[in-house]
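Structure first, commentary second.
The values are calculated or read from the model by the stated rules, or taken from the named source; none is laboratory data. Bear in mind that the values here come from a model prediction, so they are computed numbers and not experimental data. When we count neighbours, we look across all protein chains shown, and the Cβ atoms used for this are built from the backbone with ideal geometry, even at glycine. Surface accessibility is based on the protein's heavy atoms, side chains included, excluding ligands, DNA and RNA. Shrake-Rupley method; radii C 1.70, N 1.55, O 1.52, S 1.80 Å.
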Amino acid sequence: ASLGLFHQAAGYWLSAVALENAKIGNGFAADPVRSLYHHAIELYLKSFLREHGHTVEELEGKFRHNYKRMGKRAKKLGLKFEPRDEGVLAYFEHTDMLQRARYIKTGYYSLPEIRELDDMCQGLRDKIGNALQARGIKARL
């Protein structure tokens, strides 16, 4: 179960990278890229939580899309976040990210840079993948 979530997260991350590299010339082209990165981060965190004993029901209910709760629990279970990742998690915690990804909102607001999202995905992939491998689980890195 944790391995499936981990590989699914990698699929979303690599899809975000491929779409970003396509250089689509539309003013909103970054929105689907961001959505893919957001979902990859969520799945990486859920794979870590699942490996540490949380049930599918807890992931779907208690944690759902709550990045604050997932990040806090992952830290408690030993996952170390880079300072840049803390900033990304703070953004997820304090914005209506899911709504913003689905609907156009006007006005000034700041977003994490695509590079920050990519770095976070790569870091989570490496840390969680290595943790899975240390437990004898064949995570593809």
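Details
Listed here are the residues, each with its yes/no results for (1) part of a loop (DSSP other than H, G, I, E, B); (2) small (Gly, Ala, Ser); (3) at pLDDT 95 or above.
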site	(1), (2), (3)
Trp13	no, no, yes
Gly27	yes, yes, no
Val33	no, no, no
Ala40	no, yes, yes
Phe48	no, no, yes
Ala74	no, yes, yes
Leu79	yes, no, yes
Asp85	no, no, no
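- Lone qualifier among Leu111, Leu141 - being on the phi < 0 side of the Ramachandran plot, open to solvent by 70 Å² or more (accessible area, probe 1.4 Å) and modelled with pLDDT under 95: Leu141
- Residue match in the stretch 44-58 (condition: within 14 Å of the chain's Cα centre (by Cα), farther than 24 Å from Lys138 by Cα and of a type in the set (Lys, Arg)): no
- Restricting the first member to the stretch 118-137 and to residues that are surrounded by 19 or more Cβ atoms within 10 Å (Cβ to Cβ), and the second to residues that are in a helix (DSSP H, G or I) and aromatic (Phe, Trp, Tyr), the beta-carbon pairs closer than 6 Å and six or more apart or on different chains are Cys121/Trp13; Leu124/Tyr44; Ile128/Tyr44; Ile128/Phe48.
- In the set (1) under 15 Å from Asp119 (Cα atoms); (2) open to solvent by less than 20 Å² (accessible area, probe 1.4 Å), the condition left unmet by Leu49 is number (1).
- Some residue of the stretch 53-60 being closer than 19 Å to Lys127 by Cβ and touching an Asp or Glu at 6+ places or on another chain (Cβ under 9 Å): no
- Candidates Ser2, Ser35: the one that is small (Gly, Ala, Ser), surrounded by 13 or more Cβ atoms within 10 Å (Cβ to Cβ), within 13 Å of Arg125 (Cα to Cα) and in contact (Cβ under 8 Å) with a residue 12 or more places away in the chain is Ser2.
- So Thr55, is it polar (S, T, N, Q), modelled with pLDDT of 90 or more, on the phi < 0 side of the Ramachandran plot and open to solvent by less than 60 Å² (accessible area, probe 1.4 Å): yes
- Filtered by the rule that a residue be under 17 Å from the mean Cα position of the chain (by Cα) and open to solvent by 40 Å² or more (accessible area, probe 1.4 Å), the stretch 63-76 gives Arg64, His65, Asn66, Lys68, Arg69, Lys72, Arg73, Lys75.
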